[in-house]
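Peer 1: Supplied in structure tokens, the structure appears directly below.
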Amino acid sequence: MNNKEKNFVSAVFYLHNDAERVVPFVSELNAQLDAHFDQYELVAVDDNCTDGTVDKLREWAKGLAKPLTILHMSLRQGTEQCMNAGLDCAIGDYVLEFDSVEMQYEAGLIWQAYETAQRGNDIVSVRPSHSSRTSKWFYKIFNKYSRSAYEVSTDAFRLVSRRAINRVHAISDNLPYRKAAYATSGLKMAVLDFEGYAKTENDRFDLAVNSLVLYTDAGYKISLGIAECMMWLALAELLYTLYIYLFGGYPVEGWTTTMFVLTVGFAGVFAILSIIIKYLSLLVDLVFKKQKYMVESIEKIQK
């Protein structure tokens, strides 16, 4: 009797020069999927690998019974856009998203994530117990100003339902930060923790800024704070001038004080303008650039 799950599961994973890790990763991943699911697929996104990663993946997949799809990106485009391309290609009822093929967790967590999803959770985040100080500060700010009922933090991988994918794509055709989009989708989310350290994420500054602007009220709060500081500085200058005029005889015709106030004032104005410009540029990208990734070719491998 076949007791395997009938839901179709897609596993999408990102590759960039992972020649040493790709085969151990896909072997563990495929073993878990084959043990628990009747129907599944593997979707690899080749982000311009130059170290033989794809050749090793092809060699491993020669005897693979289930389909393997390899998306070859036109040029290096980064994790988020490549994973968006992989999600658009995946057809599963549930999708496992692996931003890295560095498996720092027990492979059994893949099945546990699916079991957790079956208890009414559309998004399941599998997270390490430790992360970098920079990541902690970023997520602390993000969660403070986020409109989501769920906290976001560094995760190792996640499982999302087709309903969650459809929901976030109904909100926006382009997902600049999938993790934040899922957390703010309004669907139920669960977390699985494991003992370990998060993989360091590089080249994420722009992504962090974009996600704070799109998915939180941080921009508004910061601009409001700057405006309040400007008001208090102006009031302090007025009180100082009145004090000197009433008790000192003459107002101080101080060049230093005047330039200080002007400098701070202009700094505040430009800070507010930079936030507004960031909002406008992101709105233009989201409205007019429906698809930001470029795929060179799609390769299908199946026994």
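Peer 1: Run LEU33 past the list (1) more than 22 Å from MET294 (Cα to Cα); (2) part of a loop (DSSP other than H, G, I, E, B) and report the number of the one that doesn't hold.
Peer 2: (2)
Peer 1: For segment 162-180, what are the residues that are small (Gly, Ala, Ser) and either without any contact (Cβ under 8 Å) to a residue 12 or more places away in the chain or buried (at least 21 other Cβ atoms within 10 Å of the Cβ) (or both)?
Peer 2: Within segment 162-180, the subset small (Gly, Ala, Ser) is 164, 170, 172, 180.
Hits for segment 162-180 are ALA164, ALA170, ALA180.
Peer 1: Next question, about the same structure. Of all residues being polar (S, T, N, Q) and open to solvent by less than 40 Å² (accessible area, probe 1.4 Å) in segment 103-130, which is farthest from the chain's Cα centre (by Cα)? Just the residue, please.
Peer 2: Applying the filter and picking the extreme gives THR116.
Peer 1: Could you give every pair whose Cβ atoms fall below 6 Å, whose first residue belongs to segment 106-118 and is touching a residue at least 60 places away in the same chain (Cβ under 8 Å) and farther than 19 Å from GLU195 by Cα, and whose second residue is charged (D, E, K, R) and exposed (fewer than 15 other Cβ atoms within 10 Å of the Cβ), counting only separations of at least 6 or pairs across chains?
Peer 2: Pairs that qualify, where the first residue is touching a residue at least 60 places away in the same chain (Cβ under 8 Å) and farther than 19 Å from GLU195 by Cα and the partner is charged (D, E, K, R) and exposed (fewer than 15 other Cβ atoms within 10 Å of the Cβ): there are none.
Peer 1: Report, by residue number, each residue of segment 183-212 that is assigned to a helix (DSSP H, G or I) and either open to solvent by 20 Å² or more (accessible area, probe 1.4 Å) or modelled with pLDDT of 90 or more (or both).
Peer 2: Hits for segment 183-212 are PHE205, ASP206, LEU207, ALA208, VAL209, ASN210, LEU212.
Peer 1: Okay, next question. Looking at segment 71-96, which of the residues that are in a strand (DSSP E or B) and buried (at least 22 other Cβ atoms within 10 Å of the Cβ) is modelled with the lowest pLDDT? Let's see the steps before the verdict.
Peer 2: Of all residues in segment 71-96, those in a strand (DSSP E or B) come to 71-73, 94-96.
Within this subset, residues satisfying the condition of being buried (at least 22 other Cβ atoms within 10 Å of the Cβ) are 71, 73, 94-96.
Values: LEU71: 95, MET73: 92, TYR94: 97, VAL95: 97, LEU96: 98.
Checking each candidate, the answer is MET73.
Peer 1: Does segment 4-13 include one or more residues that are crowded, with 16+ Cβ neighbours inside 10 Å, part of a loop (DSSP other than H, G, I, E, B), of a type in the set (Phe, Trp, Tyr) and at negative phi?
Peer 2: yes
Peer 1: Can you name every residue in segment 114-141 that is over 13 Å from ALA156 (Cα atoms) and either assigned to a loop (DSSP other than H, G, I, E, B) or aliphatic (A, V, I, L, M) (or both)?
Peer 2: Within segment 114-141, ALA117, GLN118, ARG119, GLY120, ASN121, ASP122, ILE123, SER132, ILE141 meet the criteria.
Peer 1: Still on this structure: For segment 42-68, name all the residues that are acidic (Asp, Glu) and either surrounded by fewer than 20 Cβ atoms within 10 Å (Cβ to Cβ) or farther than 21 Å from ALA85 by Cβ (or both).
Peer 2: Within segment 42-68, ASP51, ASP55, GLU59 qualify.
The values are calculated or read from the model by the stated rules, or taken from the named source; none is laboratory data. Just so it is clear, the model here is predicted, and its values are computed rather than measured. All Cβ positions, glycine included, derive from the backbone under ideal geometry; neighbour counts span all protein chains shown. We work out accessible area using only protein heavy atoms, side chains counted, and drop any ligands, DNA or RNA first. Shrake-Rupley method; radii C 1.70, N 1.55, O 1.52, S 1.80 Å.
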